[in-house]
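The values are calculated or read from the model by the stated rules, or taken from the named source; none is laboratory data. Every value quoted in this text rests on a predicted model; they were computed, and no experiment measured them. Glycine also receives a Cβ, built like all others from the backbone with ideal geometry; neighbour counts cover every protein chain displayed. For accessibility, only protein heavy atoms count, side chains too; no ligands or nucleic acids. Shrake-Rupley method; radii C 1.70, N 1.55, O 1.52, S 1.80 Å.
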Amino acid sequence: MGNSIRTEHSFFESLIFPPTPAVRIAHHVCFWIGFVVLHFAYSLPTLSNVVADPRFTLVGVIYFLKFIPNYYFCVALYNFLSRYLKGFLLGLAVFFGTILSLHTFNTLIFMFVDMTYGLETMPERFRLIGGLHLKLLRLEDPLTWTVLAYDLSELELLLFTASVKVGLYAARQTILRQKLQTEALGMELKVLKTQINPHFVFNVLNAAYAKILPISEEAAEYLQKSSEIIRFALYEANEEFIKLEKEMAYLNQYVQLESIRNTHRCKVSLVQEGRILESHEIPTLLLITLVENAFKHGVHASRHPSFVDIKIFIHPDKLECNIINSVPQRSAEAQPAPEQATGLGLANLKKRLEIYYPNRYHFETIAKDQTFKVILSMPLTAA
């Protein structure tokens, strides 16, 4: 993963997907101003006889402003519940939560108007709906339950804003996937241009193994494991996702290879806990990228004693990975810049996680004077 995924944006992309938080906030502000103005203007014909009164204008604007906190509350509710619920149950919970929030915000608006101006001074329809909201729901009085039908009718306004967000999200995911696929195809093309016949490579390795075995079993074992890793890279690493069992087998081979290579100056520990299920899948070469980074920057970059500690915890629907490695001591001048400390491999890995598991993963790096730690938590299913 030597090349970074290109993130240049066209003018159209930058317009739809703000490149900075400030521009994103500006987009949200402009959208909500347009939303309130258009919907308030739409209701003006029904208020033509009273619109000259500034009280009614203020109340009308406040009434439509309520959709702003309501919308962000529903987004936060979805993000929270999506950690624990999936599919139909998630949709059902978000639906009832949205209805409840709509009713709550409506009731607060009518309470504010009643305490400020008096509900009886408002237009007839506003006064009628407000009166129903301010009454407690009673099973014996069916009329009070009609207020829920009114709240339900207002869902269409929230659905409009939600559909805009879903549409933008789908477009963004499509663009990111296309960029990832384009980058992968470019890398594959480079490999194909310099590719040697795999059968020739394995024949050479097998012949070398037969020659070396009588001389040194340790060297022959090292060559055999190298051959297995090459075989995996050629035949198993072409798909976006891979069975966790295969990824772990490759990871174990790689760690054993590095242990043989650095047996005298590196202490390597690999702990795996939990049961791997047939349904468990992860992005291909995800874990090996983390482990390679630990050896590259913690072991190969130093001639002194070093260590790599790998812990992988497998849960029914989640994988947790903690990797800590020693960091060679360097002078202040030789220290890498903060933006270069994690390298392109980890930067690309984070981009892949964001594409496959948006808002459903945790990735953190902790750099200290003599250690570097990576913490990863992610779902164990394909995107």
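Here's how it looks for LEU380: its modeled amide H is under 5 Å from those of LYS318, LEU319, which are all 5 or more places away or on a different chain.
For the range 235-295, the list of GluC sites (Glu not before Pro) that fall in a loop by DSSP and count at most 15 other C-beta atoms within 10 angstrom reads GLU239, GLU278. Charge tally for PRO379 (other residues, Cβ to Cβ under 12 Å; Lys, Arg +1; Asp, Glu -1): +1. Each residue of the range 113-124 was assigned a 3J(HN,Hα) from its phi angle through the Karplus expression (A = 6.51, B = -1.76, C = 1.60, θ = phi - 60°), giving 5, 5, 6, 8, 10, x, 4, 5, 8, 7, x, 4 Hz with x at Gly and Pro. Sequence-ordered 3J(HN,Hα) estimates for the range 21-35 from the Karplus curve with 6.51, -1.76 and 1.60 and θ = phi - 60° stand at x, 4, 5, 5, 5, 4, 4, 4, 4, 4, 4, 6, 4, x, 4 Hz, glycine and proline given as x.
Across TYR250, TYR361, TYR84, the residue with the most accessible area heads the list, and the full order at a 1.4 Å probe is TYR84, TYR361, TYR250. Hey, which of these cross-link pairs are over 26 Å Cα-Cα: LYS267/LYS318; LYS246/LYS351; LYS165/LYS311; LYS165/LYS246; LYS246/LYS368; LYS296/LYS368? Listed pairs above 26 Å: LYS267/LYS318; LYS165/LYS311; LYS165/LYS246; LYS246/LYS368.
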